[in-house]
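Worksheet for the structure shown next.
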Amino acid sequence: MKGNQSFIMMRLLLAFAVVTVATSCLDNFDEYNHNPNETTDEELERDNYNVGAKLTLLQNEVIPTEEHLYQFTEILAGDAYGGYAESTSDSWETKFSTFNPSADWLKAPFVDVLTDTYPAYRGIRRVTEDEVPLALADILRVAIMHRLTDQYGPIPYSEMADPNSEALTAIYDTQQEVYTKMFEELDAAIAVLNANTSLSTEAFGDYDQVYAGNISKWILFANSLKLRMAMRLVYADETTARTKAAEAIAGGVIETNADNAKFQPTLNRTAMIWNDWQDHVISADLISYMNGYEDPRRAKMFTTVTVTETVRDETTGQQTTVEKEVFQGLRIGVTPASAADAKAKCSFPIGADTDPFLRMNAAEVAFLKAEYQLRWGTMSEAGALYKKGVELSFEERGAGSAAAYLAAAAKPAAYTDPLGGTYSFAAQSTITPVWSDEDDAETALERIITQKWIAIFPLGNEAWAEYRRTGYPRLAPVPEDCDKSGGTVTLQYGARRIQYPSEEYAENNANVLDAIQKLGGADIAGTRVWWDKKPLN
C-alpha cells in the first residue's frame, strides 16, 4: 500500500536522523531523543495513521527501544540489580549498582516512561471506539506499567487512563490496587481478542512489529503476561496468584519459540551500547553460573576473551604456555580502575542492529508453569516443564541438544576477578541443572528460577523482580567497600526498589508523599514492595 510505504519511509528517516556517535550514553544526556520512531500528531492525521502508529509507539515502550532510555531502565537499573551486567566506566561515581544513582538517572525510568507512554495510550482512547485496538492498547499499557510498579511499588495508574487528560501527574494507586486493575484490564482485553480471532492480519499488521497483526498470538502473549504477573503474587496473595495463573494457562500461553514475543524495530539502536560505547559487560554472577555449568549457550550469547595459561604435561612434566578463549565478567558494584582494562578483559553480550527486542519467550512461560506445578500440582509435572524450559532456551539460542546439560551434575564456579583486584568470590550456590523428583520444594524452586534467570537474559528488570520475589538465583553481594547506600540497603539482599525521582517531589508532591505512606516505608532502595513478602534468608 502506498500509505504503508509512506509510513515506513517516515519511520526510517526519523530513525536515521539521530546521529549515531560511539561514545558514552551520558555525554549528551540532556539532549537525547526519547524515541527516534516518534511522529507528530499532524503527520499521523495527514497519513491517517492515528490509531495504528500510536499502537506502534506503545510497542516501543514495553521495554524502551530508544538506546539511552533502554540503557537507564534495563541495563543500569535492571541488569545491575538482576545480576546481569556491570558498567565498565572508571568515572561513574553515582550509579544504581552502588545504590546512589544521581537525580537524572532516577528521572529516566519513571518520568520518561510515563511521558512516552500516555500521550499514545490516551490518543488511541480518544480517537477510536474500535474494541480491538483498544484491547491491544490496554495489553500494552499493562506490559509497560507492570514493570514500572515492580520497580517502584505504588505508581499513578487508574487516573492515568483518562483519555481527556493531558496531565502526567496523578494520585498513586497502591501496588495491590495496580495489580488488581491490571488483571481486570487484561481479562477484558483477552475476551475482546478471543471474540475477534478471525480478524484479518491486514487490519493491524502494518503497525504490529511483534506479531504482524496475528490476534491469536496476541492472546498467547496476554495470557503469558497474566501468568507472569500471577506468579509474582505467590507470597503476597496466594489465592489470587493460583486463580489467575490457572486462568492464564487454560486460556492458552506461549509454548513454542515461534510464538515468542519479540519486537522487531527498523533498526535496533541498543546494539551500539554493547558494540560501540562498550559501557557494560557481563556480570560475574552470570559467568559464575554459566562457566560452572560449561553452558553451551555462552558462545551464542557472549564474546570471549583471550587469556594465556601455563599447562603442565602430565607425562613429561614440561610446562607450556597456551592461549585460551574464555568468558569473564565484572562483579556488580565494582568500579574498575581502568575502563580500557575492563573492556579488554570482560565479555560483552553479542548483538546486532538487526536483532529484535525480546519481550517474553517460551522458556520463561515453561518455567512459570513448572513453578505452578511445583506449588499446586505434582513434582513430576514440574520436572517435565522445567526440562522443557531448558530445551526451549537451547533451541532459541541455537545451542544444540540440552540433554547432556540436563544430565550433568555441574555446579556454579568460583569467580576470579579478571582485573586482578580483590573482588573474587566463592560460588554462591551448589545448585545443578539436574532435576530430581526427590528434592524438597525449595531446592526445586531454586533450580527453576536459576535456569529461568539464564533463559530470559537480557530481561534485567524481570530477573530482578524474580530475584526479589524468590531469593534466587543466589547472587554475590555488592562488596562492602563499594556500597554507597548510607545504610539504606542491606547488601546481602540488594536493592528492593527504585526511589521516586525529584521531579515527582517538585511537581506532584502531595501525591508522591501519599505514595510513600502507601508503600509502608521510606522512599529508599531498601524498602520492599507489596509482593516482596518471602522471608529473607
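Name the one entry in Glu86, Glu129, Glu74 that is assigned to a loop (DSSP other than H, G, I, E, B) and of a type in the set (Asp, Glu). Can you show your working first?
Values: Glu86 fails: assigned to a loop (DSSP other than H, G, I, E, B); Glu74 fails: assigned to a loop (DSSP other than H, G, I, E, B).
Matching residue, one of Glu86, Glu129, Glu74: Glu129.
Considering only residues of region 301-316 that are assigned to a loop (DSSP other than H, G, I, E, B), among the polar types (S, T, N, Q) and without any contact (Cβ under 8 Å) to a residue 40 or more places away in the chain, which is surrounded by the most Cβ atoms within 10 Å (Cβ to Cβ)?
First, pick out the residues of region 301-316 that are assigned to a loop (DSSP other than H, G, I, E, B): 303-304, 313-316.
Then drop every residue that is not among the polar types (S, T, N, Q), which leaves 303-304, 315-316.
Narrowing further to those that are without any contact (Cβ under 8 Å) to a residue 40 or more places away in the chain: 315-316.
Working: Thr315: 6, Thr316: 8.
Checked region 301-316; the qualifying residue surrounded by the most Cβ atoms within 10 Å (Cβ to Cβ) is Thr316.
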I need every pair where a residue in region 61-86 that is on the phi > 0 side of the Ramachandran plot and modelled with pLDDT of 95 or more has its Cβ under 9 Å from the Cβ of a residue that is open to solvent by 10 Å² or more (accessible area, probe 1.4 Å) and in a helix (DSSP H, G or I), sequence separation at least 6 or different chains. Gly83/Tyr467
Looking at region 199-217 only, could you name the residues that are open to solvent by less than 40 Å² (accessible area, probe 1.4 Å), assigned to a helix (DSSP H, G or I) and touching a residue at least 60 places away in the same chain (Cβ under 8 Å)? Tyr207, Ile215
Among the candidates Asp130, Asp104, which residue alone is among the acidic types (Asp, Glu), surrounded by fewer than 21 Cβ atoms within 10 Å (Cβ to Cβ) and under 22 Å from Thr65 (Cβ atoms)? Asp104
In region 218-255, what residues are open to solvent by less than 10 Å² (accessible area, probe 1.4 Å) and small (Gly, Ala, Ser)? Ala222, Ser224, Ala230, Ala241, Ala245, Ala248
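Out of region 126-147, which residues are acidic (Asp, Glu) and free of Cβ contacts under 8 Å to residues at least 60 places away in the same chain? Break it down stepwise before answering.
Our first condition is that a residue be acidic (Asp, Glu); within region 126-147, this holds for 129-131, 138.
Residues satisfying the conditions are Glu129, Asp138.
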Between a residue in region 228-257 that is of a type in the set (Asp, Glu) and any residue that is buried (at least 21 other Cβ atoms within 10 Å of the Cβ) and not in a loop (DSSP other than H, G, I, E, B), which pairs come within a Cβ distance under 6 Å, given they are 6 or more apart or on different chains? Glu255/Ala362
Quick check: anything in region 231-251 small (Gly, Ala, Ser), at pLDDT 95 or above and not in a helix (DSSP H, G or I)? yes
Output yes when any residue across region 91-112 is assigned to a helix (DSSP H, G or I), β-branched (Val, Ile, Thr) and more than 29 Å from Val210 (Cα to Cα), and no when none is. yes
Check on Lys411, of a type in the set (Lys, Arg) and either crowded, with 23+ Cβ neighbours inside 10 Å or part of a strand (DSSP E or B) (or both): no
Restricting attention to region 145-163, report how many residues are in contact with a Pro (Cβ under 9 Å, 6 or more places away or on another chain) and surrounded by fewer than 21 Cβ atoms within 10 Å (Cβ to Cβ). 0
If I ask for residues that are out of contact with any Pro (no Cβ under 9 Å at 6 or more places or on another chain), touching a residue at least 40 places away in the same chain (Cβ under 8 Å) and part of a helix (DSSP H, G or I), which ones from region 431-447 would you list? Ala441, Ala444, Leu445
Qualifying residues in region 317-369 (those that are under 20 Å from Asn275 (Cα atoms) and in a helix (DSSP H, G or I)) - the one least open to solvent (accessible area, probe 1.4 Å): Ala342
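Rundown of residues vs (1) farther than 17 Å from Thr169 by Cα; (2) open to solvent by 60 Å² or more (accessible area, probe 1.4 Å); (3) touching a strand residue (DSSP E or B) at 6+ places or on another chain (Cβ under 6 Å), yes/no style:
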{"residue": "Pro477", "(1), (2), (3)": "yes, no, no"}
{"residue": "Glu480", "(1), (2), (3)": "yes, yes, no"}
{"residue": "Gly487", "(1), (2), (3)": "yes, yes, no"}
{"residue": "Pro501", "(1), (2), (3)": "no, no, no"}
{"residue": "Glu504", "(1), (2), (3)": "no, no, no"}
{"residue": "Lys534", "(1), (2), (3)": "yes, no, no"}
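Could you pull out the residue among Gly383, Gly389 that is in contact with a helix residue (DSSP H, G or I) (Cβ under 6 Å, 6 or more places away or on another chain) and under 21 Å from Asp437 (Cβ atoms)?
Numbers: Gly383 fails: in contact with a helix residue (DSSP H, G or I) (Cβ under 6 Å, 6 or more places away or on another chain).
None of the others qualify; the one that does is Gly389.
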Answer yes or no as to whether Ser429 is surrounded by fewer than 16 Cβ atoms within 10 Å (Cβ to Cβ) and modelled with pLDDT of 95 or more. no
Need the failing condition index for Ile139 against (1) open to solvent by 10 Å² or more (accessible area, probe 1.4 Å); (2) β-branched (Val, Ile, Thr); (3) under 20 Å from Ala465 (Cβ atoms), just the number. (1)
So which residues in region 370-392 are under 18 Å from Thr243 (Cα atoms) and either without any contact (Cβ under 8 Å) to a residue 24 or more places away in the chain or open to solvent by 70 Å² or more (accessible area, probe 1.4 Å) (or both), if there are any at all? Gln373, Arg375, Gly377, Thr378
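Quick one: in region 166-179, of everything that is in contact with a strand residue (DSSP E or B) (Cβ under 9 Å, 6 or more places away or on another chain) and open to solvent by 10 Å² or more (accessible area, probe 1.4 Å), which residue is nearest to Leu519 (Cα to Cα)? Spell out how you get there, then give the answer.
Step one: of region 166-179, the residues in contact with a strand residue (DSSP E or B) (Cβ under 9 Å, 6 or more places away or on another chain) are 168-173, 175, 178.
Filter once more, keeping what is open to solvent by 10 Å² or more (accessible area, probe 1.4 Å): 168-169, 171, 173.
Working: Leu168: 20, Thr169: 18, Ile171: 13, Asp173: 10 Å.
Filtering region 166-179 for residues that are in contact with a strand residue (DSSP E or B) (Cβ under 9 Å, 6 or more places away or on another chain) and open to solvent by 10 Å² or more (accessible area, probe 1.4 Å), the one nearest to Leu519 (Cα to Cα) comes out as Asp173.
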Could you identify the single residue in Ala515, Ala510 that is loosely packed, with under 14 Cβ neighbours inside 10 Å, among the aliphatic types (A, V, I, L, M) and over 23 Å from Thr94 (Cα atoms)? Ala510
Checked region 265-300 for anything among the charged types (D, E, K, R), out of contact with any helix residue (DSSP H, G or I) (no Cβ under 7 Å at 6 or more places or on another chain) and assigned to a helix (DSSP H, G or I); matches are Asp276, Asp285
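May I ask you to say which residue of Ile287, Ile282, Ile273 is touching a His at 6+ places or on another chain (Cβ under 8 Å), closer than 25 Å to Ile332 by Cβ and either modelled with pLDDT of 95 or more or not acidic (Asp, Glu) (or both)? Can you show your working first?
Values: Ile287 fails: touching a His at 6+ places or on another chain (Cβ under 8 Å); Ile282 fails: touching a His at 6+ places or on another chain (Cβ under 8 Å).
Just one listed residue meets the conditions, Ile273.
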Would you point out the residue of region 49-60, among those that are in contact with a helix residue (DSSP H, G or I) (Cβ under 7 Å, 6 or more places away or on another chain) and not aliphatic (A, V, I, L, M), that is modelled with the lowest pLDDT? Tyr49
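The values are calculated or read from the model by the stated rules, or taken from the named source; none is laboratory data. All values reported here derive from a predicted model rather than from experimental measurement. As a convention, Cβ positions derive from the backbone with ideal geometry for all residues, glycine included, and neighbour counts pool all protein chains shown. With ligands, DNA and RNA removed, areas are computed over all heavy atoms of the protein, side chains included. Shrake-Rupley method; radii C 1.70, N 1.55, O 1.52, S 1.80 Å.
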